[in-house]
Amino acid sequence: MSILIKGICKSFGEQKVLQDIDFEFADSSVNMIIGASGSGKTVLAKCIVGLLKPDKGEIYYDGVDFLKLNEKELRLLRRKIGMLFQSSALFDSKTVGENVAFPLEMFTKMSKNEIKDRVAFCLERVNLPGTESKYPSELSGGMKKRVGIARAIALNPKYLFCDEPNSGLDPKTAEVIDHLIEDITDEFKTTTIVISHDIKSVLTIGDKILFISKGRKEWEGTRQEIPSANNATLQDFIKTSGVNLQVIRY
Amino acid sequence: MNLEKYFCFIIVLQSKLNGSLCKFVCMMQPFYHIGRYLLLLQKTFTLTEKLKVYLEAILIEVVAMGIGSVMIVFIISLFIGAVGTVQTAYQISSGFYPKTVIGNVVSASALLEMAPTITCLILAGKVGSNITSEIGTMRVTEQIDALEVMGVNSASYLIFPKIIGALIAVPILVTFAAFLMHVGGILAGVLTDIVSYAQFTEGVRTYTQPFFVTFMLIKAVSFSFIISSISAYEGYFVRGGAIEVGKASTAAVVRSCTTIIIVNYLLAKFLL
């Protein structure tokens, strides 16, 4: 059991952004929601974490109906969720250390020393040791993403959401972030959901893939099944991304 | 109640309809904002985090709002008091009225009107726009979304300390302003030989009632709530980017000032 979504629909005014999306995210693996820009990936992720309310459909976290939870239950469930935002969404008035320590200070009874150790561990885990005193404005895009991941994993979340984790990054840094997400998923056994349009990272780390186009589910499968997928929209998406499927190792 | 749907419905209607129906929908907009404002207040006062978190944040807000506004309140209040003395002296220059009237007029106007209203109108510009831009920037940079995903009640975490901070800091500032207006009045009177210290204080002691102070504090508390909550509302629901945050700050100042003026009249009408 993990996250299950059934018949998710979402519209903004007359614009239908998501139409009848069903999918079951695999436990302890990297699940990827892929699609072109504007296809509804981020809206779907925001619906799953409860930042947007779907017009129709059901969302289950380990069998629990997410949309029927009251405010208190919702907050408790959300403490099991870590999320890396597209813009990193770091608190810019807090230092890196304070950002990572924030969920620990809010939701645990850890002492100051324990929090300090945990912050150091999380930053070490994302290869940013000793950056506690820096402010987000002093970091590069890749470093901000890594601090975002460190903050997301601080509470040992069961579910990790990453919205476009390597957008705006150079290929080398994007690869580092991809492998970091993969390693964290293996190490902490999280159910990771990555929203991406980067087909290279999909083919590198995606265990289970949901491809959406114009708000509709077009295809689902594993990365190994992508080359043989009998879906013209997906093949067209891969072709236009310029990735040569022959040279990718699965 | 799905407010998001209602909002979209209004936008679609506005884009499609002309004439009286569109005007009707536009007329309903204030009710939409009042409803959303009340729901935000409900969420704000639903405290879900550790008490320590709120106490620390309240202290920070009190210091930021209070200490940060002392200088502007000091200068403005001193000169308002001074102007009050000079202008009252001009009005009674015929000699028909005793000079103690100057102390009475300056004191009564300071306590009943100038200290609470003028100080809060200034604070609506200084503190209010600061609250809106701070919360609005957090909204457009997804920091509020990040708080929500973590399971933090973003409204109570961000807005509650600001409202309580304002409820503590603003009445202190208003009291300070009232004191300085008296000082300014005395200084202007004594230094320019308009009125002596004894005449001024006699006027204050003779005519000023203790209820004036109570009324001033009631106004200060009401206005501080208006400034902090309206500014927070404008920032919390901002959509877009930097330009929209700027527009929201302007809107917050305009709406806070308008509401202060209306509530000022209502308080005067019902309490005096």
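The values are calculated or read from the model by the stated rules, or taken from the named source; none is laboratory data. Values in this document were obtained by computation on a predicted structure and should not be read as measured data. Positions of Cβ are backbone-derived with ideal geometry, glycine not excepted, and every protein chain shown enters the neighbour counts.
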Taking the stretch B:159-187 on its own, how many of its residues are closer than 16 Å to B:N130 by Cβ and touching a Lys or Arg at 6+ places or on another chain (Cβ under 8 Å)? 0
Just one of A:K53, A:K6 is in a loop (DSSP other than H, G, I, E, B) and basic (K, R); which is it? A:K53
Could you pull out the residue among A:K158, A:K200 that is at pLDDT below 90 and either surrounded by fewer than 21 Cβ atoms within 10 Å (Cβ to Cβ) or closer than 20 Å to A:F25 by Cβ (or both)? A:K200
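For the structure I just gave you, tell me whether B:G184 is buried (at least 22 other Cβ atoms within 10 Å of the Cβ), farther than 30 Å from B:Y236 by Cβ, at pLDDT 95 or above and touching a helix residue (DSSP H, G or I) at 6+ places or on another chain (Cβ under 7 Å).
On the way: buried (at least 22 other Cβ atoms within 10 Å of the Cβ): yes; farther than 30 Å from B:Y236 by Cβ: yes; at pLDDT 95 or above: yes; touching a helix residue (DSSP H, G or I) at 6+ places or on another chain (Cβ under 7 Å): yes.
Yes: the conditions hold for B:G184.
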Over the stretch A:78-116, the set of residues within 9 Å of chain B (Cβ to nearest Cβ), among the small types (G, A, S) and buried (at least 16 other Cβ atoms within 10 Å of the Cβ) is A:G82, A:S87, A:S88, A:A89
Only listed residue being at pLDDT below 95 and either part of a helix (DSSP H, G or I) or of a type in the set (D, E, K, R) (or both), chosen from B:I75, B:I58, B:I11, B:I80: B:I11
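Evaluate the following for B:I159: is it of a type in the set (A, V, I, L, M) and closer than 23 Å to B:S229 by Cβ? Outline the logic, then answer.
Working: of a type in the set (A, V, I, L, M): yes; closer than 23 Å to B:S229 by Cβ: yes.
Spelling it out, B:I159 is indeed of a type in the set (A, V, I, L, M) and closer than 23 Å to B:S229 by Cβ.
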Restricted to the stretch B:18-55, and to residues that are surrounded by 13 or more Cβ atoms within 10 Å (Cβ to Cβ), over 19 Å from the mean Cα position of the chain (by Cα) and hydroxyl-bearing (S, T, Y), which residue is modelled with the lowest pLDDT? B:T48
Give the residues of the stretch A:53-77 that are among the hydrophobic types (A, V, I, L, M, F, W, C) and either more than 8 Å from chain B (Cβ to nearest Cβ) or over 24 Å from A:V30 (Cβ atoms) (or both), sorted by residue number. A:I59, A:V64, A:F66, A:L67, A:L69, A:L74, A:L76
Scanning the stretch A:146-172 for residues that are of a type in the set (A, V, I, L, M, F, W, C) and assigned to a helix (DSSP H, G or I) gives A:V147, A:I149, A:A150, A:A152, A:I153
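In the stretch A:117-139, how many residues are assigned to a helix (DSSP H, G or I), more than 11 Å from chain B (Cβ to nearest Cβ) and in contact (Cβ under 8 Å) with a residue 12 or more places away in the chain? Outline the logic, then answer.
Here is the first cut: in the stretch A:117-139, the residues assigned to a helix (DSSP H, G or I) are A:117-125, A:136-138.
Right, trim to more than 11 Å from chain B (Cβ to nearest Cβ) and you get A:117-125, A:137-138.
Imposing the further condition that a residue be in contact (Cβ under 8 Å) with a residue 12 or more places away in the chain reduces the set to A:118-120, A:122-123, A:125, A:137.
Final tally of qualifying residues: 7.
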Among the candidates B:S224, B:S196, single out the residue that is touching a Pro at 6+ places or on another chain (Cβ under 8 Å) and hydroxyl-bearing (S, T, Y). B:S224
How many residues does the stretch B:251-272 contain that are within 14 Å of the chain's Cα centre (by Cα) and more than 22 Å from B:A155 (Cβ to Cβ)? 8
If A:E24 satisfies every condition in (1) surrounded by 14 or more Cβ atoms within 10 Å (Cβ to Cβ); (2) in a helix (DSSP H, G or I); (3) not hydroxyl-bearing (S, T, Y) but one, which is the exception? (2)
Selection within the stretch A:27-44 - in contact with an Asp or Glu (Cβ under 6 Å, 6 or more places away or on another chain) and of a type in the set (G, A, S): A:S29
